[in-house]
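Accompanying notes for the structure given below.
Each reported figure results from applying straightforward, stated rules to the coordinates on display, with no laboratory input. It should be emphasised that the depicted structure is a prediction, and the values quoted were computed from it without experimental measurement. All Cβ positions, glycine included, derive from the backbone under ideal geometry; neighbour counts span all protein chains shown.
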Amino acid sequence: MHKKRVLLADDHAIVRAGFRRMIEQIPELEVVDEIGTGPQVFEALKHDEVDLLIIDATMPDFEPISAIRQIRKDHPEMKILVVSAYDDDYYVKGLIGEGVNGYHLKDQSLFDLKLAIERVLSGKKWISSELINKLAHSSKEDLSPNLNERQREILRLLQQGRDNKAIALEMGVSVKTVENNLTRLYRRLDVQSRLEAVNYISRFPQVLGTPGSQIVSQEKSESLEISKSAAILVVDDNARYRKHLMHIIGRAYPRIVIYEAQNIDETLNLAERVKFQLALVDVLLGESDGISCARRLHLCQPHTRIVLISAYPDREFHREGLASGASAFLDKKNLDLPTLKQVIDDVIY
């Protein structure tokens, strides 16, 4: 009889031992390996044929959402059962959305885990009963709180690892002002520390997006166009110019959510979590270049329309940009509202 092969991934050896003892009592299953870190998961999956991955998604060196997405892409037929101490409904939704077959809470009995394994291997979904009510009463509108521009900027700087003094210098305010804003921000996100705030961004990247309607509310608009909802990314190392583009887009398209990044790392970090319909990328990004950014973004999100923008419309930039996956190359001097509307309308209509 062919046994189903199980890989155990948890950073606590005692937990793995308990799982192994339970699994070894099931004749149809065998444990092929047990591991304790994120990189070991990918290494083990390269060498072992696995039918079921039982994994704690909070292991060291393991970003759960992007990692599970990659594992599912590499092993579409393999079953994935997350066994976690975290019962946050947003966290659960994120992993289920990336393709896990089940989500089981660690504080449940091993008998329940046995049921979860059997259900997942039979091709069905499994969610611990304690999570069902939470999931049923949550809605997509509750996924992230509305933050103001200053709060989003502080979050972005926190994500870059800046301390309070560096944040104050970047924003042109006092350290005390930063501390006060952090206190209010933590309360708004229901977190207790900088680390929890950064983890919140990883789990809910939409918190960094600026709704076009919020931009509209900051000043009166002569006429507003009702648009479809979409996500647009503006990548430019000049903060003032980013805000300028976001302002133009937000006024014309209040239902669009606009994200911003100043370099390749920020761009790819967002791209792992948010599906963009359009990305406007400056060719010059400080010490890096927007053509490389466009190329890597295209590999990550091949269906995203990428438009390179530059104040220096060099012919070679244009050629390399289109070869990188960009669909258009625009001169910043000509990037006014009518031009942006033409680009955006082509994407969302």
Exercise. With charges only on Cβ, +1 for K and R and -1 for D and E, what is the dipole size of region 288-349 about its Cα centre, in debye, rounded to 20?
Worked result: 100
Problem set entry | Vicinal HN-Hα couplings computed from phi for region 44-55 (Karplus, 6.51 cos²θ - 1.76 cosθ + 1.60; Hz; Gly/Pro x) | 5, 5, 5, 10, 10, 7, 10, 8, 9, 9, 9, 9
Problem set entry | Ranked by how many other beta carbons lie within 10 Å on average, peptides 170-181, 259-270, 44-55 from highest | 259-270, 44-55, 170-181
Problem set entry | Full-stretch length increase - Asn148, Gln192 - with 0.36 nm per residue and alpha-carbon distance subtracted | 13.9 nm
Problem set entry | Nitroxide proxy distance, nm - points 7 Å out along Cα→Cβ at Lys4 and Glu24 | 2.0
Problem set entry | region 1-27 and region 38-78: distance between their alpha carbon centers, rounded to Å | 16
Problem set entry | Sites Asp331 and Arg72, calculated FRET efficiency, Cβ-Cβ separation with R0 41 Å, nearest 0.05 | 0.50
Exercise. Taking the Cα centre of the chain as the origin, how large is its charge dipole in debye, to the nearest 20, when only Lys and Arg (+1) and Asp and Glu (-1) carry charge on their Cβ atoms?
Worked result: 780
For this session: Give the relative contact order (percent, whole number) for the chain; include only Cα pairs under 8 Å separated by 6+ residues.
Result: 9
Exercise. Size of the dipole of region 245-311 about the Cα centre, Lys and Arg at +1 and Asp and Glu at -1 on the beta carbon, nothing else charged, in debye to 20?
Worked result: 420
Exercise. Which whole-Hz ³J(HN,Hα) couplings does region 160-173 yield from phi under the Karplus relation 6.51 cos²θ - 1.76 cosθ + 1.60, θ = phi - 60°, glycine and proline marked x?
Worked result: 7, x, 6, 8, 4, 5, 5, 5, 4, 5, 5, 8, x, 10
Exercise. Non-local amide H neighbours of Gly102 (under 5 Å, H modeled in plane, Pro and chain starts lacking H): which ones?
Worked result: Ile80, Val82, Trp126
Exercise. Based on DSSP H runs of at least 4 residues, each adding -39500 (n - 2.57), what is the mean residue ellipticity at 222 nm of the chain after dividing by all its residues, to the nearest 500 deg cm²/dmol?
Worked result: -14000 deg cm²/dmol
Problem set entry | Value of Rg to Rh for region 4-137 (Rh from inverse mean 1/r over Cα pairs, i.e. Kirkwood) | 0.92
Seminar exercise, completed: Expected vector for region 179-194, Karplus 3J(HN,Hα) from phi with 6.51, -1.76, 1.60 and θ = phi - 60°, integer Hz, x for Gly and Pro, equals 4, 5, 5, 5, 4, 5, 5, 4, 5, 5, 8, 6, 10, 10, 8, 4
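Just want to confirm a number: the relative contact order over region 144-205, from Cα pairs under 8 angstrom separated by 6+ residues, in percent.
It comes to 37 percent, rounded to a whole number.
Here are some pairs, Lys3/Lys124; Lys46/Lys125; Lys46/Lys124; Lys4/Lys73; Lys93/Lys341; Lys124/Lys275; which of them have Cα atoms lying more than 29 Å apart in this structure?
Details: Lys3/Lys124 19 Å; Lys46/Lys125 25 Å; Lys46/Lys124 25 Å; Lys4/Lys73 21 Å; Lys93/Lys341 34 Å; Lys124/Lys275 27 Å.
Exceeds cut-off: Lys93/Lys341.
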Exercise. What would the Debye formula give as log10 I(q)/I(0) at q = 0.06, 0.08, 0.10 Å⁻¹ for the alpha-carbon point model of the chain, no solvent?
Worked result: -0.27, -0.48, -0.72
Seminar exercise, completed: Here D for region 144-205, in µm²/s, from Stokes-Einstein with a Kirkwood Rh over Cα pairs at 10 °C and 1.306 mPa s, works out to 138
